[in-house]
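The values are calculated or read from the model by the stated rules, or taken from the named source; none is laboratory data. Because the structure is predicted, anything quoted here is derived from the model rather than measured. Note: ideal-geometry Cβ built from the backbone for every residue, glycine included; neighbour counts use all protein chains shown. Only protein heavy atoms, including side chains, enter the accessible area calculation; ligands, DNA and RNA are left aside. Shrake-Rupley method; radii C 1.70, N 1.55, O 1.52, S 1.80 Å.
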Amino acid sequence: MKPSGIRTSLLSPPLLVLLLLTMQPHLSRADVGTAAHYSPPYTPTACFGNDPSQFPSSNLFAAAGEGIWDNGASCGRQYLVRCISASVSGTCIPSQTIQVRIVDRALSSTSRPSSNGATIVLSTTAFGTIAKSSAAAVNVEFQQ
């Protein structure tokens, strides 16, 4: 015989549902790749030639690696980028996410990237915002 007033369930149904929802893995539409950096001169670019208005006033822009170049369709696209790891611990600047505009193709950029084969090649300003600028490349999470 059950004693009166004792619950057989530790959690109420709404609390159980809330607990299960919060335990679900974080769903993200971001991709993972590598980021390198490049320095001036930045023009001419594969996307917009010598037009100075192609560069955001924040200087947060990038050249697309072959994986996201998309036959030039990436020109003008904006990506959120954040450093997630590097070969040297402490290279990433925690909690820094930047928004960059694609203005060039890494393969044909006037200035050579700090590391070949990167998914995205960031301007010096953009790279330095998410990682120590002494690094040649870092692993990033990026999302259009």
Task: Selection within segment 39-71 - assigned to a loop (DSSP other than H, G, I, E, B), under 21 Å from Cys92 (Cα atoms) and not polar (S, T, N, Q) - done: Leu60, Gly65
Task: Condition met for Ser53 (within 20 Å of the chain's Cα centre (by Cα) and small (Gly, Ala, Ser)) - done: no
TODO: Scan segment 79-112 residue by residue and report those that are in contact with a Ser or Thr (Cβ under 6 Å, 6 or more places away or on another chain), within 20 Å of Thr43 (Cβ to Cβ) and either outside any loop (DSSP other than H, G, I, E, B) or open to solvent by 70 Å² or more (accessible area, probe 1.4 Å) (or both).
DONE: Ile102, Val103, Asp104
Open item on the list: Considering only residues that are open to solvent by 30 Å² or more (accessible area, probe 1.4 Å), closer than 25 Å to Arg29 by Cα and either touching a Leu at 6+ places or on another chain (Cβ under 7 Å) or not aliphatic (A, V, I, L, M) (or both), which ones fall in segment 120-144?
Closed with: Gly128, Thr129, Asn139, Glu141, Gln143, Gln144
Task: Residue match in segment 57-64 (condition: under 20 Å from Leu122 (Cβ atoms), under 17 Å from the mean Cα position of the chain (by Cα), modelled with pLDDT of 55 or more and open to solvent by 90 Å² or more (accessible area, probe 1.4 Å)) - done: no
Open item on the list: Looking at segment 101-111, can you tell me whether even one residue there is within 15 Å of Ser133 (Cβ to Cβ) and not polar (S, T, N, Q)?
Closed with: no
- [ ] Working carefully through the options Ser115, Ser74, find the one that is outside any helix (DSSP H, G or I), in contact (Cβ under 8 Å) with a residue 12 or more places away in the chain, surrounded by 19 or more Cβ atoms within 10 Å (Cβ to Cβ) and hydroxyl-bearing (Ser, Thr, Tyr).
- [x] Ser74
Task: Flag if Arg29 is in a loop (DSSP other than H, G, I, E, B), basic (Lys, Arg) and either over 17 Å from the mean Cα position of the chain (by Cα) or on the phi > 0 side of the Ramachandran plot (or both) - done: no
